[in-house]
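Engineer: The structure under discussion is supplied below as structure tokens; questions concerning it will follow.
The values are calculated or read from the model by the stated rules, or taken from the named source; none is laboratory data. These numbers were taken from a predicted model, which means no experiment stands behind them. As a convention, Cβ positions derive from the backbone with ideal geometry for all residues, glycine included, and neighbour counts pool all protein chains shown. When the accessible area is computed, the model is the full protein with side chains, heavy atoms only, and any ligands, DNA or RNA have been set aside. Shrake-Rupley method; radii C 1.70, N 1.55, O 1.52, S 1.80 Å.
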Amino acid sequence: MAKDTQGTQATQSQASNVWTQVESQPMEKIVWGRLYGKNIKIKSLGTAIKQYKIIYTHSPFCVDLNNDEFSAGRGEANDLILTLNDLPEKILARISKVHFIIKRANCELTNPVYIQDLSRNGTFVNGEKIGTNKTRILQNDDIIALAHPTYKAFVFKDLSPNEAIGMPAEIKDTYYINRKLGSGAYGMVRLVYDRRTCEQFAMKVVKKNMLEVSAQPKNYFNDPEKVLNEAKIMKNLSHPCVVRMHDIVDKPESVYMVLEFMRGGDLLHRIIDNKLLSEDTSKLYFYQMCHAVKYLHDRAITHRDLKPDNVLLESNDADTLLKVSDFGLSKFVHKGSVMRTLCGTPLYVAPEVLITGGRDSYTQKVDIWSLGVVLYTCSLSGTLPFSDEYGTPAADQIKRGRFRFRHPSWQQTSQRAKSLIKQMLIVDPTKRPSIDAVLKSNWLRDAPMLQKARKLMKLEETDQEEVENNFLEPPTKRRRC
Ligand code: 3AM
């Protein structure tokens, strides 16, 4: 097989006239996969395969896949025409005109390979029926059976680099591992597909050496029950603004978290790309974040690591659904990494965490502080409220709650927004508002925004009534000083 490719390349490089070369020989296409015959005599199919689609057949049992689509069946229009030469009569009688199609978009090795079952009597992958007109993902070494699960006709070989190397069998059996989506404080995130349903997910691989190996009596390593409990809590959460944990696989080396795939990326990138979000967009995003945090706080879960990197967007539109991710994870991560960003400056951490050096347990008010910093930083000015660049160490500014609305864009920002930020960044946690109070703030009493959020969050009428009751009560009168 490799010989074929090398041979053609050599001929092409020797050719003095490339155009003559192209005319006299078909351009070689990228071979992205192969079908090896098992109980099928592919050798004889050399004549049955349409020459313009399949360039090489590998004597005696192999067919190269080098087109976006490859069809097989009894019909003459197929790329692989199955005849009595290839299959016993009993089986051939059960083969449909087009039995299955294998596809890889644009022949790109980074795209997944799909197999679609178009047969009446079934196409089977590793003994499982795909189902008429259904599609699933095909992976390296998958066995394709025709008409009956035991009639194994082909083995599929994927020629793309194997992203699944080192993944546990439970993961590989269920998911097709695709490209890297990014990497964060907890480890690498990959796009994966459920092999049976073709649904896309983001899989976060958290290496356990990132987690706290600790002197503490109970932690991720010595208390697997605790991990499972945590995972169960995460799996049972269901809110439109909380990233759904679809699956979790706990292994000695790593934890694999299969999460809802958010194609709009994270809020940090949205801010960087946009420089500044409009106040309306900021409000829509902030409201959804608050909704998520209220949902978590009502269930006694504190996020502890709210920051724009942990806020994911559903689409690239400005008006988009937003989801909070990575809640609860911070419990398992080395405390230093939660409190420090890449450049070593604590950005979103509440003063009480800094004051005790991360040794104490905190109330849910740490999330309110972080939300206040997120609102300041990302939504309204694109700058940070606390930074080492402002003359004194950021940690000192945080501990004293010293910040100013420096950036010129604040002149366009409403007083209500600024007043909410000031309340959320009060150093004393007991004086900081609860999430319910934040949700009732004047700034968020905005009917068009609520309408939009309701649509995005697909809130039921009853949920919305509750939301509106919170917002439609008359604002409290201000006392004159
Ligand atoms: O490395 P960057 O910042 O490009 O957006 C997240 C981040 O990308 C992405 O993985 C990286 C590390 O967190 N990510 C995390 N969870 C995701 C999800 N559920 C996700 N992308 C899509 N869906």
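Engineer: Can you report the number of residues in region 292-319 which are in contact with a strand residue (DSSP E or B) (Cβ under 8 Å, 6 or more places away or on another chain), among the β-branched types (Val, Ile, Thr) and more than 13 Å from the ligand (Cβ to nearest atom)?
Structural biologist: 1
Engineer: With the structure loaded, tell me whether Thr363 is within 29 Å of Tyr287 (Cβ to Cβ) and at pLDDT below 85 or whether it fails that test. Reasoning before the result, please.
Structural biologist: On the way: within 29 Å of Tyr287 (Cβ to Cβ): yes; at pLDDT below 85: no.
In short, no.
Engineer: OK, next. What is the number of the single condition among (1) out of contact with any Leu (no Cβ under 7 Å at 6 or more places or on another chain); (2) within 30 Å of Thr83 (Cα to Cα); (3) open to solvent by 50 Å² or more (accessible area, probe 1.4 Å) that Ala145 does not meet?
Structural biologist: (3)
Engineer: Is it true that some residue in region 443-462 is hydroxyl-bearing (Ser, Thr, Tyr) and at pLDDT 95 or above?
Structural biologist: There is no residue in region 443-462 that is hydroxyl-bearing (Ser, Thr, Tyr) and at pLDDT 95 or above.
Engineer: Which members of region 147-175 meet the condition of being closer than 22 Å to Asn66 by Cβ and in contact (Cβ under 8 Å) with a residue 60 or more places away in the chain?
Structural biologist: Ala153, Phe154, Val155, Phe156, Lys157, Asp158, Leu159, Ser160
Engineer: Kindly list the number of the only condition in (1) modelled with pLDDT under 95; (2) under 21 Å from Ile271 (Cα atoms) that fails for Ala394.
Structural biologist: Answer for Ala394: the failing condition is (2).
Engineer: Another one. Determine, yes or no, whether Pro168 is of a type outside the set (A, V, I, L, M, F, W, C) and modelled with pLDDT under 90. Walk me through it before giving the result.
Structural biologist: Values: of a type outside the set (A, V, I, L, M, F, W, C): yes; modelled with pLDDT under 90: no.
No; evaluated as a whole, the condition is false for this residue.
Engineer: Evaluate the following for Leu87: is it farther than 30 Å from Arg179 by Cα, buried (at least 17 other Cβ atoms within 10 Å of the Cβ) and of a type in the set (A, V, I, L, M)? Before you say what the answer is, go through the steps one by one.
Structural biologist: Details: farther than 30 Å from Arg179 by Cα: yes; buried (at least 17 other Cβ atoms within 10 Å of the Cβ): yes; of a type in the set (A, V, I, L, M): yes.
Here the answer is yes, as Leu87 does meet what is asked.
Engineer: Can you run down the residue pairs with Cβ atoms below 9 Å, 6 or more apart or on separate chains, where the first is in region 244-264 and within 14 Å of Tyr193 (Cα to Cα) and the partner is within 9 Å of the ligand (Cβ to nearest atom) and of a type in the set (Phe, Trp, Tyr)?
Structural biologist: Here the result reads His246/Phe201; Asp247/Phe201; Met257/Tyr186; Val258/Phe201; Leu259/Phe201; Glu260/Phe201; Phe261/Phe201, each pair linking region 244-264 to a residue that is within 9 Å of the ligand (Cβ to nearest atom) and of a type in the set (Phe, Trp, Tyr).
Engineer: Of all helices (runs of 4 or more DSSP H) completely enclosed by region 264-349, which ones contain at least 3 residues that are at pLDDT below 95 and under 26 Å from Ser441 (Cα atoms)?
Structural biologist: 267-274, 279-298
Engineer: Another question about this same structure. What about His246, is it in a strand (DSSP E or B), within 16 Å of the ligand (Cβ to nearest atom) and either surrounded by fewer than 19 Cβ atoms within 10 Å (Cβ to Cβ) or modelled with pLDDT of 95 or more (or both)? It would help to see each step written out before you state the result.
Structural biologist: Values: in a strand (DSSP E or B): yes; within 16 Å of the ligand (Cβ to nearest atom): yes; either surrounded by fewer than 19 Cβ atoms within 10 Å (Cβ to Cβ) or modelled with pLDDT of 95 or more (or both): yes.
The answer is yes for His246.
Engineer: Scan region 261-291 residue by residue and report those that are crowded, with 22+ Cβ neighbours inside 10 Å, charged (D, E, K, R) and more than 16 Å from the ligand (Cβ to nearest atom).
Structural biologist: If the condition is that a residue be crowded, with 22+ Cβ neighbours inside 10 Å, charged (D, E, K, R) and more than 16 Å from the ligand (Cβ to nearest atom), then Lys283 is the only one that fits.
Engineer: Six or more apart or on different chains, Cβ under 7 Å: which pairs go from a residue in region 432-457 that's more than 17 Å from His239 (Cβ to Cβ) to one that's basic (Lys, Arg) and surrounded by fewer than 19 Cβ atoms within 10 Å (Cβ to Cβ)? Could you list them?
Structural biologist: Matching pairs, first to second residue: Asn442/Arg416; Trp443/Arg416.
Engineer: Residues of region 149-189 being within 14 Å of the ligand (Cβ to nearest atom) and open to solvent by 60 Å² or more (accessible area, probe 1.4 Å), which ones?
Structural biologist: Arg179, Lys180, Leu181, Ser183, Met188
Engineer: Here's something else I'd like to know. Which residue is farthest from the ligand (Cβ to nearest atom), if the candidates are limited to region 190-210 and must be at pLDDT 90 or above and among the hydrophobic types (A, V, I, L, M, F, W, C)?
Structural biologist: That would be Cys198.
Results for (1) surrounded by fewer than 24 Cβ atoms within 10 Å (Cβ to Cβ); (2) of a type in the set (D, E, K, R), shown as yes or no for each residue.
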| position | (1), (2) |
| --- | --- |
| Val293 | no, no |
| Asp298 | yes, yes |
| Ile301 | yes, no |
| Arg304 | yes, yes |
| Val311 | no, no |
| Glu314 | yes, yes |
| Asp317 | yes, yes |
| Val324 | no, no |
